[in-house]
Each structure stands twice: as structure tokens, then as C-alpha cells.
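As C-alpha cells, the structure follows; a few thoughts come after it.
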Amino acid sequence: MATPTLTKLPRHLAIIMDGNGRWAQERNLSRIEGHRAGAESVRTIVRCCRRIGIPILTLYAFSKENWQRPKREVNALWRLLARYLQSELNEMLGNGIRLNTLGDINELPSSVGDLLYKTMAKTSGNREMILNLALNYSGRSEIVRAARHLAEACVAGAMRPEDVDEAAFARHLFTAGMADPDLLIRTSGEERISNFLLWQIAYTELYLSPVYWPDFREPQLMEALADYQRRERRFGKISEQLVKEA
Ligand code: FPP
């Protein structure tokens with residue numbers, strides 16, 4: 001297994017968890033079985049990130065576009081999420097994990113919404129790690145929502161149009177106050193962003209894994225982190241400038 005150095009870890013790791021359906025299909029299982037196995041990967045990866053000290057982990061669990069899936073599958077996803085929240089609460093409390101959501105969670109079934117709000121309230125004092133679940137999330141809607149907030153503030157006279165800058169914009173995103181992702185992993189061999197964190201990933205390193213999400217466990221995460229540590233992040237500068245700054 002590739003072993004990453006534990007000193008150069010991403011401050012924020014984001015993951016597009018893809019391939020549950022294909023994992024199941026290859027095993028003649030239902031798509032829902034694939035999501036169930038995917039939920040096990042969520043447990044493992046959260047635990048692992050907490051153990052090695054990644055401060056923010058963001059998981060793309062349900063996009064706005066995912067509502068178009070068969071109702072049975074959508075309902076099964078909510079049930080899995082509810083079960084996950086119930087079974088992991090003690091672990092979150094014991095390990096200092098704060099649950100947060102990105103997306104319009106008021107549009108979720110009320111049973112799941114209530115559970116999310118309760119879990120967020122109970123874990124709100126935790127400081128070791130933030131677990132962001134993107135639920136009913138769309139990067140474009142998030143950007144439009146921020147633009148609307150800023151427009152409303154200008155109309156109300158609380159701010160001037162010339163005060164709208166990148167920092168002000170970022171304060172109106174679901175990730176307000178958080179570092180942008182350093183690394184974005186997408187599993188299952190697909191090479192798309194799928195409307196995820198469009199603003200936040202401007203300078204994020206991408207890691208595309210061929211492995212389906214249910215098979216993405218600790219060894220695959222370590223490989224991705226080791227790969228990330230070999231990258232040179234220049235943020236528009238040239239290598240020589242980075243050496244001087246170090
Ligand atoms: C993408 O695979 C996966 C999803 C849309 C749902 C992700 C959900 C989980 C991992 C389980 C529950 C979540 C939590 C937080 C406990 P896909 O269905 O699009 O796979 P396919 O492209 O192979 O069909």
C-alpha cells in the first residue's frame with residue numbers, strides 16, 4: 001500500500017462517490033445493494049480520514065439531479081442515510097466530528113431532515129473534523145443562491161455593489177469559512193465534475209480512480225493521498241517561485 005506522509009495532507013478532501021450501481025450490476029445485485037455497500041465505504045473513509053487527521057471531508061451523497069432516479073432508489077438512499085446518522089452518532093461524538101450539510105436540505109423528506117438537524121445540533125461543538133454531506137446539492141444553484149443573497153443585501157442597502165468581491169461571494173456559499181478542497185477524488189472511472197463544488201474547486205487537485213465506490217476503502221484512499229503528495233501545486237506561479245517561498 002502506498003503510504004502518504006502524514007504532514008502534507010489535504011486540509012479539505014472532497015469525494016464524488018460514484019459506481020454503486022455498476023458495482024451491484026456486476027454482482028447481479030440490486031442498485032440498492034450497491035448503495036448499501038457504498039454506505040460501508042462512507043463509514044470506513046470517514047473513520048480513516050479522522051484517524052489520519054484530515055480536517056474537512058466533503059462527500060457528494062445526493063445531487064439535485066438524483067431526484068430523477070426511480071422513487072424506490074431515492075427512498076432507499078434516504079433510509080440508508082437515516083440509518084447511517086443513527087449508527088454513527090456516538091462515533092461522531094466520541095471522535096470530535098461535526099456534521100454539516102451542503103445543499104437545500106429543507107426539501108428532503110422531513111424524517112431525514114429532522115435527523116440531520118438533530119445530528120448537526122448534537123455535534124455542533126465538535127472541533128476535530130468537519131464531515132460535510134452534500135445532499136440535494138447543485139454547484140450552479142449554490143452560486144445562484146449566493147448571487148441572490150448579495151443582490152438582496154445591496155438592494156437592502158446593507159452592502160454596495162463595489163463591495164461584492166470573491167471573499168464576499170464565498171461567505172454566501174454552503175462552505176462559508178472553510179478552506180477550498182485541496183483534493184477532489186472521483187471514483188468509478190468517470191471523468192466529470194457533475195455540478196459539484198463548482199466555485200470551490202478552482203485550484204483543487206483532481207484524482208480519478210477506476211475503482212467503484214463500494215470498493216474504495218483505506219488502501220485506495222492512501223494511494224490517492226500519496227499521489228496528491230507528489231503533485232506540485234503552483235496556483236498560477238512557476239516552480240522556481242515556489243522553491244523560494246518554501
Ligand atoms: C453514485 O453511484 C452514488 C450515489 C448517487 C449515492 C451515494 C450514496 C451512498 C454512497 C450511500 C449512502 C450515503 C451515506 C452518506 C450514508 P451511482 O448510483 O450513480 O452508480 P452508477 O453510476 O454505477 O449507476
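Observations on the model:
- Looking across region 1-31, the residues that are charged (D, E, K, R), assigned to a loop (DSSP other than H, G, I, E, B) and at pLDDT 95 or above come down to Arg11, Asp18, Arg27.
- Per-region count, region 27-51, residues over 17 Å from the mean Cα position of the chain (by Cα) and in contact (Cβ under 8 Å) with a residue 60 or more places away in the chain: 2
- Residues of region 32-55 satisfying the condition of being of a type in the set (A, V, I, L, M), more than 7 Å from the ligand (Cβ to nearest atom) and part of a helix (DSSP H, G or I): Ile32, Ala37, Ile45, Val46, Ile52
- Residue in region 209-232 that is surrounded by the fewest Cβ atoms within 10 Å (Cβ to Cβ), counting only those that are more than 14 Å from the ligand (Cβ to nearest atom) and not in a helix (DSSP H, G or I): Glu232
- Per this entry, Ser138 is not counted among residues that are open to solvent by 60 Å² or more (accessible area, probe 1.4 Å), modelled with pLDDT of 95 or more and of a type outside the set (A, V, I, L, M, F, W, C).
- Selection within region 17-31: residues that are of a type in the set (D, E, K, R) and more than 9 Å from the ligand (Cβ to nearest atom). The member of this set that is most open to solvent (accessible area, probe 1.4 Å) is Glu26.
- In the set Phe235, Phe174, only one residue is modelled with pLDDT under 95, open to solvent by 30 Å² or more (accessible area, probe 1.4 Å) and among the aromatic types (Phe, Trp, Tyr); that residue is Phe235.
- Positions within region 68-86 being in contact (Cβ under 8 Å) with a residue 40 or more places away in the chain and open to solvent by 60 Å² or more (accessible area, probe 1.4 Å), in sequence order: Arg72, Arg83
The values are calculated or read from the model by the stated rules, or taken from the named source; none is laboratory data. What you see is a predicted model; the values in this text were computed from it and never measured. In this analysis, Cβ positions are derived from the backbone assuming ideal geometry, glycine residues included, and neighbour counts consider all displayed protein chains. Side chains included, ligands, DNA and RNA excluded: accessible areas come from the protein's heavy atoms. Shrake-Rupley method; radii C 1.70, N 1.55, O 1.52, S 1.80 Å.
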